[in-house]
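Written below as structure tokens is the structure these notes are about.
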Amino acid sequence: MSEIAKLELDGNSYELPIIEGTENEKGIDISKLRGGTGGYITLDPGFKNTGSTKSAITFLDGEKGILRYRGYPIEQLADKASFLEVSYLLIEGELPTQQQLTEFKESITKHTLVHEDMKQFFEAYPAKAHPMGVVASMVCSLSTFYPESLDPNRGEVAVDLTIHRLIAKLPTLAAWSHKNAMRHPFMYPKNDLGYCENFLHMMFAMPTENNTVDPVVVSALNKLLILHADHEQNCSTSTVRVVGSSHANLYASISAGISALWGPLHGGANQAVIEMLQQIYNDGGDVDKWVAKAKDKNDPFRLMGFGHRVYKNFDPRATIIKKSCDDVLAKLGVNDPMLEIAKKLEKVALEDDYFKSRNLYPNVDFYSGIIYKAIGIPTEMFTVMFVLGRLPGWIAQWKEMRENNEPIGRPRQIYTGENARDYVNIANR
Ligand code: MLT
């Protein structure tokens, strides 16, 4: 493999170092390009060909459908680990010992309550408030209750406390954003419940009922959260890293990541899947009609939840969650016409050459949307579920960026506006 890349520019020849990762990914290091070439920069809208950092957290191979957290295949973690175990792995770099996991769980459990004053914030939101807007605001508001977390030079102990507070309080904030929208009484966390069970309790329990949580649903949620826990330098993770690179506190950085994830091109895709199914159902459920519309280049309709910008052949997370989806629907005996539409669309996408040739296979958003609907999560909460899963990945990436003392993110540009011109008082001509 070459050690350098040669660049011929304006009659000059430049040598740029080649960098290779532990999985043989190769990059051209352009960190000294502008200074070394008298001002040349590269241009790469969306950064699809540009690495923003070196990272040891997650490896994915879009061509081979590989996804590993700290070297462990996602298939094994989803099958054998708990979400808190995977959170520890992503953040600390190694799977926890029993003692470490016990201490981690105890610390998380101790911090599940949020300050009672925050309940007033919820009550100020209208019932129709989208929970992503509520949760993003609430996470940033946590920084106002813990001023010590604002110190950019806070020590490891303070950072760990903030990390544990975030992991512990996010499920409470998420569930309360739902209860607030329903105008139902808030359910407080129960310290004798596991992480996923506690969230489902706060989401669905009512103070007037004897509440139980289906273990099938707990298992499916544990798997879903693990599958969403990290995905290297995606849009929201890059946002968390850039915001954190200014030495903004972790709450503010995570809140920015939540806002980035809200977009229908990113985390909002699972909500868009159900809205698409609802559209087809409302139109009479003729799947063939809508498949034809999706194929028609003159028709703006596109299928949501199919294909992926990184995975070229299949999304390994979708393969795993598809089985879980079948299990949940079978165990819960769900007979939902929209889920029937989903099954028909899945069949078409897996068999029709139009979709197969374009790698428009069902992705993780397709199946996660179906499971969330089957377990009773309201559509507006789907992206909040993605937030719950992605939180440990965002934290791990933020921590890595800070520990590596990475510089503030500040991309350059190619200016295409007006050249210099003198002011003329046009308003009063
Ligand atoms: C993700 O998991 O963040 C999504 O698949 C989007 C991406 O990786 O670009």
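Of the trypsin sites (Lys or Arg not before Pro) found in the stretch 201-300, the ones in coil according to DSSP and having at most 15 other Cβ atoms within 10 Å of their Cβ are 297.
Over the stretch 337-377, average the accessible area per residue using a 1.4 Å probe and give it in Å², no decimals.
Values: 1580 Å² over 41 residues.
Here the per-residue accessible area is 38 Å².
Straight-distance candidates among the aspartates and glutamates for linking to residue 343, with alpha-carbon spacing under 12 Å and chain neighbours fewer than 8 residues away dropped: 326.
Once every DSSP H run of n ≥ 4 in the chain is given -39500 (n - 2.57) and the sum is divided by its residues, what mean residue ellipticity at 222 nm do you get, rounded to the nearest 500 deg cm²/dmol?
Taking each H run of at least 4 residues, the total per residue is -16000 deg cm²/dmol.
Suppose R0 equals 41 Å; then what is the FRET efficiency for residue 117 and residue 52 from their Cβ-Cβ distance, rounded to the nearest 0.05?
0.65
Please build a GNM for the chain, connecting alpha carbons under 10 Å apart, and tell me which residue among 234, 282, 210 fluctuates the most. With Cα springs under 10 Å in the chain, the top fluctuation among 234, 282, 210 is at 210. Shown for the chain: the carbon plus sulfur share of the solvent-accessible area, taken with all protein chains present and a 1.4 angstrom probe, equals 52%. Take the Cα of residue 25, step 7 Å toward its Cβ, do the same at residue 7, and the gap between the two points is 2.1 nm. Return the aspartates and glutamates within reach of residue 295: Cα separation strictly under 20 angstrom, same-chain partners fewer than 8 residues apart disregarded; answer none if there are no such residues. Filter leaves 275, 283, 286, 346, 351, 352, 353. Name the chymotrypsin sites (Phe, Trp or Tyr not before Pro) in the stretch 2-81 that are in a loop by DSSP and that have at most 16 other C-beta atoms within 10 Å, would you? Answer by residue number: 40. Temperature 37 °C, viscosity 0.692 mPa s: under these conditions the Stokes-Einstein estimate for the stretch 261-385, based on its Kirkwood radius over C-alpha pairs, is 225 µm² per second.
Relative contact order for the stretch 210-290: 18 percent, from Cα pairs under 8 Å spaced at least 6 residues apart, divided by residue count.
Pairs 54/223; 169/323; 322/356; 48/169; 119/169: which exceed 25 Å Cα-Cα? Pairs exceeding the cut-off: 54/223; 169/323; 48/169. All other residues whose Cβ lies under 12 angstrom from that of residue 18 are scored, Lys and Arg at +1 and Asp and Glu at -1, for a net of -3.
Would you tally the net charge around residue 28, using a Cβ to Cβ cut-off of less than 13 Å, leaving residue 28 out, and scoring K and R as +1, D and E as -1? Don't skip to the end; give the middle numbers.
Values: positive: 6, 26, 32; negative: 3, 15, 20, 25, 29, 44.
Charge balance near residue 28 sits at -3.
Spin-label model, residue 418 to residue 309: label points 7 Å out along the Cα-to-beta-carbon direction sit 3.3 nm apart. Each of the GluC sites (Glu not before Pro) that DSSP puts in a loop and that has at most 13 other Cβ atoms within 10 Å breaks the chain; the longest unbroken stretch is 210-417.
Normalised radius of gyration (Cα atoms, divided by 2.2 N^0.38 Å) for the stretch 4-51: 1.24. Normalised by the number of residues in the chain, the mean separation of alpha-carbon contacts (under 8 Å, six or more apart) gives a relative contact order of 19 percent.
For the stretch 300-399, run through the trypsin sites (Lys or Arg not before Pro) and keep only the ones in DSSP coil with at most 16 other Cβ atoms within 10 Å of their Cβ. Please list the in-between numbers first.
Numbers: sites: 302, 309, 312, 317, 322, 323, 331, 343, 344, 347, 356, 358, 373, 390, 399; in loops: 302, 309, 312, 358.
Those satisfying the criteria are 302, 309, 312, 358.
Could you provide, to the nearest whole Å², the per residue accessible area of the stretch 33-190 with probe 1.4 Å?
Working: 7830 Å² over 158 residues.
Accessible area per residue, the stretch 33-190: 50 Å².
To the nearest Å, what is the center-to-center distance of the stretch 257-325 and the stretch 63-114, using C-alpha atoms only? Their Cα centres are 29 Å away from one another.
The values are calculated or read from the model by the stated rules, or taken from the named source; none is laboratory data. These numbers come from a predicted model, not from an experiment. Here Cβ is always computed from backbone atoms with ideal geometry, including for glycine, and neighbour counts include all displayed protein chains. Only protein heavy atoms, including side chains, enter the accessible area calculation; ligands, DNA and RNA are left aside. Shrake-Rupley method; radii C 1.70, N 1.55, O 1.52, S 1.80 Å.
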